[in-house]
1. Which residue out of E10, E51 is among the acidic types (D, E), loosely packed, with under 12 Cβ neighbours inside 10 Å and under 25 Å from V81 (Cβ atoms)?
2. Return the pair list, or none, for Cβ contacts closer than 7 Å from residues in region 1-30 that are in a helix (DSSP H, G or I) to residues that are modelled with pLDDT under 85, at least 6 apart or on different chains.
Amino acid sequence: MQTGRMAIMEPGRSDIDAMIREEKRLTAVESHSEAWADGISAGIEPEIMAETALATALEELLRVSGDEAALALLERMRERVEAGEFNANQSRH
């Protein structure tokens, strides 16, 4: 028999992991946005900033996780670009 009280559902492990991952993503977005703004303020062209950011990310991913992880990331990013996810008027952050 149920009482009139609602059961409070605690988040499961996968929910907690998803929240932690999202918090890390938001922190990374903030850090990259600040670095981007600093570079632009220093007179660095957006194309140079973008290429450097991508190269740095790929170098680090290759070092830590190898070729397959880097290629998988490139494919995911290509799919996101083709889907229009990065259009300025559809910004996620």
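The values are calculated or read from the model by the stated rules, or taken from the named source; none is laboratory data. The structure displayed is predicted, hence computed values, not measured ones. Cβ atoms come from the backbone with ideal geometry, glycine included; neighbour counts cover every protein chain shown.
1. Answer to the selection: E51.
2. What qualifies is V29/H93.
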